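Okay, structure first, notes after.
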Amino acid sequence: MVILTQAEYRDRVLGGWLGRLMGSAVGLPGDGQRQALEVRGDPEQLLRAQGRLREGAELGLVWLRALQRRGPAINSDDLIAAWLRHVTYSQWEYGYARANFLRDLRPPLTGVHDNPFRGCLGALARADLWGMVAPGDPEVAARYACQDAMLDHSGPGLEAAIALAAMVSAAFVTPEPPRLLEVALAFLPDDSRVSRAVRDVRRWHGELAHWRRTREMLLRAYSADDVRDAAVAAGLLALALLDGNGDLERTLLTAAEGGWSTAAVCAAAGAILGVALGAEQLPLRWREPLRGELTLGPGVVALPRNLRAPRLADQICDIGRLVCRAESAGRVQIVAEPTQGDQESTLPELETASFVRQLALGPYVTAHRRGPLEVRVDYDGPPTIGYNTPRRLALAITNSGARSLDISTRLSAPAGFVVTGDSEHLTLPEGGTVSFRTAVSAPEEHAQIAPANPCTLFLSVEDGLQAVVPITLVGESLWYAAGPYAGFDEAHAPEQPGIISGDSPIGGDGWRRLSVSEPSLSLLAGLEGEQGTYYLATDLWMPRTRRARLRIGCNDGVKVWLNGQQVLCQHEHRPVSPLSADELEIELREEWNRLLIKMAQCSPRRFLAVTFRDPDRHLLVEAANTWPRRA
């Protein structure tokens, strides 16, 4: 049983936020640098940059407002509504998740689909909030953090957030870093990349007893193209906690000197130790220079711009007491005053097997609760559909009610689509589960695939209960590829005036059609062939003329024509990364727009990604190249 007085709880929460501010300030100057760093100076000098919350941490305050409105029963729909109301950031995972919300996808699909930053650390940067509102109950904290992180992450990006939330929650009871890491690992599948990185760091640090050598081993085994990789961040966080061994200053300096995502890693380390120590026990030489004031950035709207940490701690404690009563009854108790004879608090026994099994289902399974029924939809891959290829879905319905139920099911799809296995009559015993498969096809002669294609599973229960489950299929992008040809600087057959301008149709001899499920990740998933010069073309439909931004990522040379005009030409070898991109202002005209890309592929690693954005750099979900242009 965990017993906290209200004063102790508030002191720990305030310590967590002050520790987060310390860490963020110490880590900010070196953020994004891959090499090991030298961080020196007194706390007053190191904390000079405090006050401005980074993008991920700001979302934690959005969730706090949503908790104040909705209470402990907050769900994914509440979080998405709060995001669309308060969050305007368009970069990184935030922009891709927002586009998936507007496509009517559901978590965890919103975090994984067509999201090049799904394994990054945006969710880690805000996960400490869930540990603070669920003090001493890592299972509740992990569940909240998982629900949150699935909005815009999957894989390591999801797992690192769960691990941090569990550690912050456990730090209310046990401050020892090795024990905190054990708690975090209990919520992760053994074979996950984050779990392996943390376990390896723990082993290497015990063997090598020097953080720089352990850091070198970590990066040798887990280094990634993106400096914001969440598995690397989790490994560096574990290293800082072990090396610091409860000492705040040493922990923060180790995290800052490790390089990579130092702002997020230092903030996470500061939050954990801040909760473990409490505000009153933070070292005076670190606490005294701290202003304790927070300023929101421009990407969060309709919330107070300036906050003070003590007031924020009060708000978190108000919510935390509600969470403890609703979600942690019998495991955590927050009392007004200490009572004589109180036993020492101990963490509840962790029952994580079902949580880990749920996590192991992967990012392509959605769950829906409808009365006594739980419906799972397994997409078994990206939630997309292309022409003439059946999109198979596996569905499972579980009856959690107190009696057997007879259920009829029917799946509907847009006009022209064909559904097979669309209707079933099922008998569900109490506690039983039935599974069946269905498929949706889009014959090109009858159907027109849109950017988002809503399907609906209708459930009719014998006692008159009617329920619906939305199933959205995102339209795959249609592209045409030609090549390989010889030199990039030479004009080849596809550079015909009619092809460049859009007056001539794409296709026929020399062209092959590609149905691309995740164009923000790569257009080349279905393109095989030797190195050389390739052409890719598409016709983009717009409902109205508008200004836009075209973003093209390529690791080699690229030349681009839009509606007959050359808009880009560069030949530069770059890393294979979503950050290796050119962005330019364009005008998309009403109805059809022809885009032709000439691409040099000199490297065995191929990369080409294309996105269309509005002037504020949000993804243009209304732009459609999902159906062929008719003559």
* Which whole-Hz couplings ³J(HN,Hα) result when phi for each residue of the range 500-505 is put into the Karplus expression 6.51 cos²θ - 1.76 cosθ + 1.60, θ = phi - 60°, listed in order with x for Gly and Pro? -> 5, 7, x, 6, 10, x
* Can you check what the net charge comes to around H368, using other residues whose Cβ is under 12 Å from the Cβ of H368 (Lys, Arg +1; Asp, Glu -1)? => +2
* Could you order peptides 111-118, 202-209, 232-239 by the average number of other Cβ atoms within 10 Å of their residues, highest first? => 232-239, 111-118, 202-209
* Asked: Ranked highest first by average number of other Cβ atoms within 10 Å, how do 624-630, 333-339 line up?
  -> 624-630, 333-339
* Given V112, A57, A353, which one lies farthest toward the positive end of the charge dipole of the chain, if we put +1 on the Cβ of every Lys and Arg and -1 on the Cβ of every Asp and Glu? -> A57
* To do: Using a 10 Å cut-off on Cβ atoms, rank the peptides 58-68, 8-18 from the highest mean neighbour count down.
  => 8-18, 58-68
* **Shape box of the chain [Cα atoms, principal axes, largest first, Å]** => 85, 67, 47
* Structure fact -> The size of the Cβ-based charge dipole (Lys, Arg +1; Asp, Glu -1) of the chain about the Cα centre, to the nearest 20 debye, is 700 debye
* To do: Would you mind classifying the range 2-353 by shape? Square roots of the alpha carbon gyration tensor eigenvalues, ordered a ≥ b ≥ c; an a/c under 1.5 is rounded, otherwise it is prolate if a/b is larger than b/c and oblate if not.
  => rounded
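Only four residue types carry charge here, +1 at the Cβ of Lys and Arg and -1 at the Cβ of Asp and Glu. Report the dipole size of the range 477-613 about the Cα centre in Debye, rounded to the nearest 20.
In debye, rounded to 20, the range 477-613 gives about 420.
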* Asked: Which of the listed residues, H571, A537, A581, is farthest toward the dipole's positive end in the range 477-613, when Lys, Arg count +1 and Asp, Glu count -1 at the beta-carbon?
  -> A581
* Give me the net charge of V227's neighbourhood, meaning all other residues with Cβ under 9 Å from the Cβ of V227; Lys, Arg count +1, Asp, Glu -1. => -2
* Quick one: Karplus J couplings for the range 261-271, per residue in order, coefficients 6.51, -1.76, 1.60, θ = phi - 60°, nearest Hz, x for Gly and Pro? -> 8, 5, 4, 6, 5, 5, 5, 5, 4, x, 5
* **Charge tally in the Cβ shell below 15 Å around R203, where Lys, Arg are +1 and Asp, Glu are -1, R203 excluded** => 0
* For L428, residues with placed amide H under 5 Å, excluding near neighbours -> L405, D406, I407
* For the chain, what's the relative contact order in percent, using C-alpha pairs closer than 8 Å and at least 6 residues apart? -> 15 percent
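None of the figures in this text is laboratory data; all of them are computed from the coordinates on show. Small disclaimer: the values here were computed from a predicted structure and weren't measured. Cβ sites come from the backbone with ideal geometry, for glycine too, and all protein chains shown count toward neighbours.
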